[in-house]
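Before any comments, here is the structure.
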Amino acid sequence: MNKAKRKVVIAGNWKMNFTPSEATAFINEVKPLVAGKNGCEVVFCAPYVTIAAAQAAAQGSNISIGAENVHFAEKGAYTGEVSAKMLTECGVKYVIIGHSERRQYFGETDATVNARTKAALEAGMTVILCLGEVKEQRLSGITREIVSMQTKLDLEGVTAEQMKNVIIAYEPVWAIGTGLTATPEQADETCGQIRDALAEIYGRDVAEATTIQYGGSMNEKNAAELLAKPNVDGGLIGGASLVAEKFKAIVDAAQ
Ligand code: PEP
């Protein structure tokens with residue numbers, strides 16, 4: 001399968017930004033800007049308490065609202081957590097799992113990322129699984145080893161059939177929120193290495209069918225070049241997903 005047949009997904013990660021009223025205003029602003037842009041799926045992943053307002057504003061549009069995390073247990077004594085069933089009952093289809101900020105600040109490991117991924121997939125959700133190397137790993141020349149290992153550990157026990165509902169977001173940690181962007185060549189090469197790791201686990205067909213996004217300071221200026229690369233099937237966007245005109249330009253670049 002070549003790139004043209006893979007699903008392209010442009011997803012915003014709002015992180016801890018936008019109250020419900022701010023989310024409503026933002027979706028109302030961005031909705032007409034991305035209307036009819038059918039060359040990609042458009043998703044905004046929102047803080048839990050903002051999801052309902054964002055969904056209401058997005059109703060009838062081509063925008064889907066996702067979550068930024070999900071717990072691995074079905075229910076129980078996990079104060080502060082939210083289950084996949086709770087999200088699906090709220091009509092949430094997409095969920096980001098394993099974002100580097102969760103790995104860095106909230107003790108997320110490949111084991112917990114794997115458990116969350118399986119729980120979300122079993123509930124029928126589509127997972128945006130984030131992985132990527134830190135700066136020292138890139139400088140040491142071990143990026144391929146790192147992303148291959150993360151791919152294998154994070155997807156342990158996930159079936160080839162379930163892979164239809166997995167999107168991988170390659171996010172070099174040194175490029176997230178820093179203004180530093182991987183070059184289009186670096187992004188393409190590493191997305192290709194992740195695809196190779198997928199081929200080792202699931203075979204080439206599944207690897208070639210899997211959407212692999214790039215994330216890390218993608219913006220209205222660099223999106224076209226990044227998205228033109230053969231292994232880059234979309235973007236996970238933080239900062240630029242909070243500015244309607246910037247996000248629109250990225251969606252335009254994906255058409
Ligand atoms: C992200 O949070 O996933 C991200 C890529 O952020 P930014 O675009 O701000 O680097």
Per-residue ³J(HN,Hα) for segment 175-187, Karplus 6.51 cos²θ - 1.76 cosθ + 1.60, θ = phi - 60°, Hz, x for Gly and Pro: 9, 8, x, 9, x, 7, 10, 4, 5, x, 5, 5, 4
For Q213, distant residues with modelled amide H under 5 Å away: I168, A169, Y170, D233
Probe 1.4 Å, accessible area per residue of the chain, Å²: 43
Cα gyration tensor shape for the chain, rounded if a/c is under 1.5, else prolate or oblate: rounded
Counted charge near H99, where neighbours are those whose Cβ lies closer than 15 Å (Asp, Glu -1; Lys, Arg +1): -3
GNM flexibility winner over the chain from D233, D196, D205 (Cα, springs under 10 Å): D205
Protein accessible area in segment 112-164, 1.4 Å probe - carbon and sulfur %: 55
Neighbourhood net charge (12 Å Cβ-Cβ; Lys/Arg +1, Asp/Glu -1) for T159: -1
Phi-based couplings in Hz for segment 117-134 (Karplus 6.51, -1.76, 1.60; Gly and Pro marked x): 4, 5, 5, 5, 5, 4, 7, x, 7, 9, 9, 9, 8, 9, 8, x, 8, 8
Under 26 Å from the Cα of K135 - lysines, other chains or at least 8 residues apart: K15, K152, K221, K229
Inter-centroid distance (Cα atoms) of segment 1-58 relative to segment 144-185, Å: 21
Environment charge at T183 (Cβ cut-off 14 Å; Lys +1, Arg +1, Asp -1, Glu -1): -1
Helix-derived mean residue ellipticity, 222 nm - over the chain, DSSP H n ≥ 4, -39500 (n - 2.57), to 500: -12500 deg cm²/dmol
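The values are calculated or read from the model by the stated rules, or taken from the named source; none is laboratory data. Note that the structure is a prediction, hence the values are computed from the model and not measured. Positions of Cβ are generated from backbone atoms using ideal geometry, with glycine treated the same way; all protein chains shown enter the neighbour counts. Note: accessible area is taken over every heavy atom of the protein model, side chains too, but ligands, DNA and RNA are not part of it. Shrake-Rupley method; radii C 1.70, N 1.55, O 1.52, S 1.80 Å.
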